[in-house]
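Student: Before I ask anything, let me first share the structure, which is written out below as structure tokens.
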Amino acid sequence: MSDEATRLIAAAREAARHAHAPYSRFAVGAAVLLTDGSVVSGANVENASYGLSLCAETVAIASVSASGRLREVVAVGVIGGAMDAQGQATGSDPVSPCGRCRQVINEAAQMSGRDVAVYCGGAEGEKIARYRLSELLPAAFGPADLGIG
């Protein structure tokens, strides 16, 4: 797999160590690569009301947006796994973004004019699946549909 994928999956794994997932016990980490090579990461943050929980990908993209760099997104890495007794993610099967996160990533992708690469890994192991966002969310609705670009 590419250095880009390896770097993003490693950053996502590090982020997952900080997941707040006491309800699902499923830690997720995400890392977003920007045009200058910098990486912004995020972890899932659950809430007792469930509906207010934040996915790792959403946290990372929101951080990118908060720094005014939404148009600079190049790629996203995401990992996840069930938490062990010490609160660390486990498992080697690649995890992909949920539907909501695919839509959030699509916002950045359309604003950047890129078909963003999405790397999916497990909390452990070497397996990494590579997709283009257009494969994960075909015929997506986004800024272009509203005349914004």
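The values are calculated or read from the model by the stated rules, or taken from the named source; none is laboratory data. In this text, all values refer to a predicted model and were calculated from it rather than measured experimentally. Cβ sites come from the backbone with ideal geometry, for glycine too, and all protein chains shown count toward neighbours. Accessible surface is based on the protein model in full, side chains and every heavy atom, while ligands, DNA and RNA are left aside. Shrake-Rupley method; radii C 1.70, N 1.55, O 1.52, S 1.80 Å.
Student: Express in nm, to one decimal, how much length is gained between ASN47 and HIS20 on full extension, taking 0.36 nm for each residue of separation and deducting their alpha carbon distance.
Tutor: 8.9 nm is the gain from fully extending ASN47 to HIS20.
Student: Set the Förster distance to 25 Å, then compute FRET efficiency between THR35 and SER96 from the Cβ-Cβ distance, nearest 0.05.
Tutor: FRET efficiency, THR35 to SER96: 0.60.
Student: Between THR90, THR58, THR35, which gets the highest mean-square fluctuation from a Gaussian network model of the chain, Cα cutoff 10 Å?
Tutor: Of THR90, THR58, THR35, the Gaussian network model singles out THR35 as fluctuating most.
Student: Could you work out what % of the accessible surface of the chain is carbon and sulfur, using a 1.4 angstrom probe and leaving DNA, RNA and ligands out of the count?
Tutor: Using a 1.4 Å probe with all protein chains present, the chain comes out at 54 percent carbon and sulfur.
Student: Give the Debye-formula value of log10 I(q)/I(0) at each listed q (0.21, 0.29 Å⁻¹), with one equal scatterer per alpha carbon of the stretch 12-77, two decimals each.
Tutor: -0.76, -1.15
Student: What accessible area per residue, rounded to a whole number of Å², is obtained for the stretch 34-149 using a probe radius of 1.4 Å?
Tutor: 47
Student: Kindly give the semi-axes, whole Å and largest first, of the ellipsoid equivalent to the chain, taking each as the square root of 5 times a Cα gyration tensor eigenvalue.
Tutor: The equivalent ellipsoid of the chain has semi-axes of 24, 17, 13 Å.
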